[in-house]
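Shown next, in structure tokens, is the structure this report addresses.
The values are calculated or read from the model by the stated rules, or taken from the named source; none is laboratory data. Predicted model only: the values in this text are computed from it and were never measured. For neighbour counting, all protein chains shown are included, and Cβ atoms are generated from backbone atoms with ideal geometry for every residue, glycine included. Note: areas computed on protein heavy atoms with side chains; ligands, DNA, RNA excluded. Shrake-Rupley method; radii C 1.70, N 1.55, O 1.52, S 1.80 Å.
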Amino acid sequence: MNNSTIRSDVIILGAGINGSGIARELSITGKSVIVIDKSTIGNGTSSKSSRLIHGGLRYLETMQFKLVHEALQDRQELLRLYPDLVRLKSFYIPIYKPSRRPVWMIWIGLKFYDLLSGKNRQYHSRIVSRSQFPIHAASFKKDGLKGVFHYYDAKTNDLKLTQRVAQDAVSNGSIFYENTNIDSIKHNDQKFIIKTNDNIFETPILINATGPWIDEVNKKYSLPANFNIRKISGIHITLEGLLTQDLMFMQTKEKRIFFVIPEPENNQTIIGTTEREESNNIDNITINEEDIQYLIDNINNYLKPGFQILKQNIKNSWIGVRPLIAEAENPTNLSREYELDKYKFGEATLLHVFGGKLTTYLSLARKVRKKLF
């Protein structure tokens, strides 16, 4: 059977939040866009996050101020664009002895977070009376509680958000090819030629937005790149029922962060995430039982005896892999900044998207457009 040839202004590899967001941005400006994914829209890391649309309070500690400001601006826009999917939520930060971060440091961080998020004082952080905290988290211990802070960030359904962004791209003319495996990628000084079982695609601009698969894709198809990623897995567990009334920003003894995320609409509580560097290919990465126990142990440090969690209480778990640019030694300190890596082959252009996070896909997509057109 002869393969048909399909031409497009831009072809994007990867239908996660970044690939879908770029397709939306470029199709709105009138470009013809094709997105190819070996699975379905949002099936990878984009649907295995903490489901938060947030600035990243903890990134202030590693002085990623630009990223936090950009994420907070994108959060505000997403609240406006998708009010049915992205909603502002109350977060509480209970600080217990012996916290490795002093109370004053967290308070200063929150005030800086307020400053970066904008002028709406209605949604700025505040101090919460320790006597009032049990109203929001009756399952949590009172002993050792040094202070409580309240602030706002947003929550979403990550898969539904990615699918909605992809649908917006389709409404503006983008075409998605799901469950499509690529046999080869070749180029000359005019275009890229991408062959699949059913079609031949041609484009002058190829964007690699394959997320944690990016190094594997570059190696398989001999695509040049200036960066590599470190594959940092994170797991989440879900419990039946609501452990708290509001979202909780928690600290481990090792100074890591995890969240307690109640979902009343599903009558469940999500707890996550972990950080483990992976060496296997992405498709071969599975949940490590030690990470499940790590989350159980850390949340139990804060719970009253009658609320302690056992492994049999877990109804579900999932794992996602964050594609973080290879820099810092400690995975906790790896930047969530992204890099756009551009190559020219005559008139043909290759652009890699390294890194990125759910919240910042809007800014990333706009930067891609400006870099290419």
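Sorting check: for 96-109, 341-354, 161-174, which peptide has the highest mean count of neighbouring beta carbons within 10 Å, and how do the rest follow?
161-174, 341-354, 96-109
For a quick check: with amide H placed at 1.01 Å from N, whose amide H comes under 5 Å from Lys146's, ignoring anything fewer than 5 positions away on the same chain?
Sorted by chain and number, the residues that satisfy this are Ile95, Tyr96, Lys97.
Please list, in chain and number order, the residues 5+ apart from Ile41 or on another chain whose amide H is under 5 Å from its amide H, with Hs placed from the backbone.
The answer is none.
At 1.4 Å probe radius, can you tell me the per residue accessible area of the stretch 227-373 in Å²?
On a per-residue basis, the stretch 227-373 sits at 43 Å².
Pull out the extension gain between Asn266 and Thr286, defined as 0.36 nm times the separation in residues minus the alpha carbon to alpha carbon distance; nm, one decimal.
The Asn266-Thr286 span can extend by a further 4.7 nm.
Between Thr5 and Asn300, what's the calculated FRET efficiency when r is the beta-carbon distance and R0 is 56 Å? Round to 0.05.
Between Thr5 and Asn300 the formula returns 0.40.
Take peptides 71-78, 46-53, 143-150 and line them up by average Cβ neighbours within 10 Å, highest first, as a rough protection proxy.
Taking the mean over residues of other Cβ atoms within 10 Å, the ranking is 46-53, 71-78, 143-150.
Starting from the amide H of Asp153, placed 1.01 Å from N in the peptide plane, find each other amide H under 5 Å away whose residue is 5 or more places distant or on another chain.
Here Lys89, Phe91 satisfy the definition.
Assuming R0 = 41 Å, what is the FRET efficiency of Lys219 and Ile135, from their Cβ-Cβ distance, to the nearest 0.05?
0.15
Relative to the longest principal axis of the chain, what angle (0 to 90°, nearest 10) does the C-alpha long axis of helix 65-81 take?
80 degrees
Starting from the 7 Å offset along Cα-to-Cβ, what nm value, one decimal, do you get for the label separation of Lys371 and Glu61?
Placing both labels 7 Å along Cα→Cβ, they lie 2.9 nm apart.
Express the carbon and sulfur contribution to the solvent-accessible surface of the chain as a percent, rounded to the nearest whole number, probe 1.4 angstrom.
Taking all protein chains in place, the chain shows 47 percent carbon and sulfur surface.
Excluding same-chain residues fewer than 8 positions from Lys38, which lysines have a Cα within less than 16 Å of its Cα?
Partners within reach: Lys195, Lys220.
If you count the DSSP beta bridges with both ends in the chain, what percent of them are antiparallel, to the nearest 5?
75 percent
How would you order 217-228, 202-213 from highest to lowest mean count of nearby Cβ atoms within 10 Å?
The densest-packed peptide leads the list: 202-213, 217-228.
Taking the alpha-carbon centroid of each part, what is the distance from the stretch 181-255 to the stretch 1-45 in angstrom?
13 Å
Given 0.36 nm per residue, what is the gain on full extension from Ile257 to Arg121 after removing their alpha carbon distance, in nm?
46.4 nm
Classify the chain: rounded, prolate or oblate, from the alpha-carbon gyration tensor (a ≥ b ≥ c, eigenvalue square roots; a/c under 1.5 rounded; otherwise prolate if a/b is larger than b/c)?
The shape class here is prolate.
Given +1 on the Cβ of Lys and Arg, -1 on the Cβ of Asp and Glu, and no further charges, what dipole in debye does the stretch 1-112 carry about its Cα centre, rounded to the nearest 20?
Once rounded to the nearest 20, the dipole reads 520 debye.
Under a plain spin-label model, where a point goes 7 Å from the Cα along Cα-to-Cβ, how far apart in nm are Asn179 and Lys342?
3.7 nm
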